[in-house]
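The structure under discussion appears below in the form of structure tokens.
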Amino acid sequence: MTVMGHIAASYLVSQSVRLVGLHITPQESALVIIAGTILDLDALPLWLKGRIGMQHHALPTHTPLAIFAGWTIFKLITGRMFPTPVHVLMIVSGLLHLAMDDSGYWLAKKRLQRNTPVPQITWMYPFRNTMIDRFAKDGAVSAAVEYVRGAKVSIVLEASIVLTAIWVMMRLR
């Protein structure tokens, strides 16, 4: 999943509280979106080296443990500055990020696409640590082309999420 898909999905998570009659501020919504996309900062050093792809999914920063550790640090720094629903939405947004990254593997396992033959997220880290380095030797362009060729279902899924987020934004104006 790309950053755009993570931003759109996190935005939808931030607005989901409206379904139960709660409202969060635009700043709190931005916090939820950041929580759902910040995990991809671990790809920046790889991208700067000319590598792109899914190998950053194998890093400890792309695990539930990292989400809960990051949230704990955030909570210690901010204290009671933000209401509980915002904290819950931040965790949900982070976990959704991981689920979206891993969805390509599950789609491939169901033979709906072919580009992700191994799990992308180490859900049980540090108890089970599987390092994935699928595109480590590929350059940025070849990895991106390979992703697009093999991930047609993921691309449709991501486009649907982005369009839904745009539609929700337009409706809430």
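The values are calculated or read from the model by the stated rules, or taken from the named source; none is laboratory data. Since we're looking at a predicted model, the values are computed, not measured. For neighbour counting, all protein chains shown are included, and Cβ atoms are generated from backbone atoms with ideal geometry for every residue, glycine included.
At-a-glance table
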{"read-out": "Failed item, numbered, when Val13 is tested on (1) free of Cβ contacts under 8 Å to residues at least 40 places away in the same chain; (2) surrounded by 13 or more Cβ atoms within 10 Å (Cβ to Cβ)", "value": "(1)"}
{"read-out": "Residues of the range 59-77 satisfying the condition of being touching a residue at least 40 places away in the same chain (Cβ under 8 Å) and in a loop (DSSP other than H, G, I, E, B)", "value": "Thr63"}
{"read-out": "Yes/no for Phe82 being aromatic (Phe, Trp, Tyr) and either buried (at least 17 other Cβ atoms within 10 Å of the Cβ) or under 30 Å from Arg173 (Cα atoms) (or both)", "value": "yes"}
{"read-out": "Positions within the range 78-117 being hydroxyl-bearing (Ser, Thr, Tyr) and outside any loop (DSSP other than H, G, I, E, B), in sequence order", "value": "Thr78, Thr84, Ser93, Ser103, Tyr105"}
{"read-out": "Filter result (of a type in the set (A, V, I, L, M, F, W, C) and surrounded by 16 or more Cβ atoms within 10 Å (Cβ to Cβ)) within the range 16-30", "value": "Val17, Ile24"}
{"read-out": "Subset of the range 16-30 [free of Cβ contacts under 8 Å to residues at least 60 places away in the same chain, polar (S, T, N, Q) and outside any loop (DSSP other than H, G, I, E, B)]", "value": "Gln27, Ser29"}
{"read-out": "Any pair with Cβ under 6 angstrom, 6 or more apart, that starts in the range 103-121 at a residue that is on the phi < 0 side of the Ramachandran plot and buried (at least 17 other Cβ atoms within 10 Å of the Cβ) and ends at one that is of a type in the set (Asp, Glu) and assigned to a helix (DSSP H, G or I)", "value": "Gln120/Asp101; Gln120/Asp102; Ile121/Asp101; Ile121/Asp102"}
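For (1) surrounded by fewer than 17 Cβ atoms within 10 Å (Cβ to Cβ); (2) among the small types (Gly, Ala, Ser); (3) in a loop (DSSP other than H, G, I, E, B), each residue gets a yes or a no:
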{"site": "Val32", "(1), (2), (3)": "no, no, no"}
{"site": "Leu44", "(1), (2), (3)": "yes, no, no"}
{"site": "Gly50", "(1), (2), (3)": "yes, yes, yes"}
{"site": "His57", "(1), (2), (3)": "no, no, no"}
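Yes/no per residue for (1) at pLDDT 60 or above; (2) acidic (Asp, Glu); (3) in contact with a Leu (Cβ under 8 Å, 6 or more places away or on another chain):
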residue: Ile121; (1), (2), (3): yes, no, yes
residue: Arg128; (1), (2), (3): yes, no, no
residue: Ala140; (1), (2), (3): no, no, no
residue: Met170; (1), (2), (3): yes, no, no
